[in-house]
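Okay, structure first, notes after.
The values are calculated or read from the model by the stated rules, or taken from the named source; none is laboratory data. Model, not experiment: these values are computed from the prediction. Don't worry about glycine lacking a Cβ; one is built from the backbone with ideal geometry, like all the others, and counts go over all protein chains shown. The accessibility values were calculated without ligands, DNA or RNA, using every heavy atom of the protein model including side chains. Shrake-Rupley method; radii C 1.70, N 1.55, O 1.52, S 1.80 Å.
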Amino acid sequence: MTKVISTPTAPAAIGPYSQGIVAGDFLYASGQIPINPATGQIEAEGIEAQARQSCINAGEILKAAGASFENVVKTTCFLADMGDFAAFNKVYEEYFISKPARSCVAVKELPKGVLCEVEVIAYLG
């Protein structure tokens, strides 16, 4: 049994996908980019500000599923430039204090030309 997670406090999906899906005891959240959900725009400039907004967006999906950053067991992080790795980590560690498993890769391009994207898997049980 699955349940779709949808909240107006995180950016609306910009394609044919859900913000998150709960399957059994796990939440699988779609990758979050630094869109301000109130305006639908990319307002954050620089990797630190974009990382912060991406983490805030992921947190809103966690909250909508009845979870928090403490429930996260795995993240996948995408960077447009691996040169931003240290600055990204500085912001990331403020949110993911439980140090979940993680993959972090540089990609050629991200939606809307953003600098980062964060997706999470959380254990809800």
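A few comments on the model shown:
- Residue-averaged [θ]222 nm for the chain, counting only DSSP H segments that reach four residues, each worth -39500 (n - 2.57): -8000 deg cm²/dmol
- In Å², nearest 10: area of Phe69 left accessible to a 1.4 Å probe: 50
- For Lys74, the solvent-accessible surface with a 1.4 Å probe is about 60 Å², rounded to the nearest 10.
- Peptides ranked, highest mean first, by Cβ atoms within 10 Å: ranges 39-45, 113-119: 113-119, 39-45
- Coordinate range along principal axes, alpha carbons of segment 50-93, Å, largest first: 35, 19, 15
- For the chain, pairs of C-alpha atoms spaced more than 20 angstrom apart make up 37 percent of the total.
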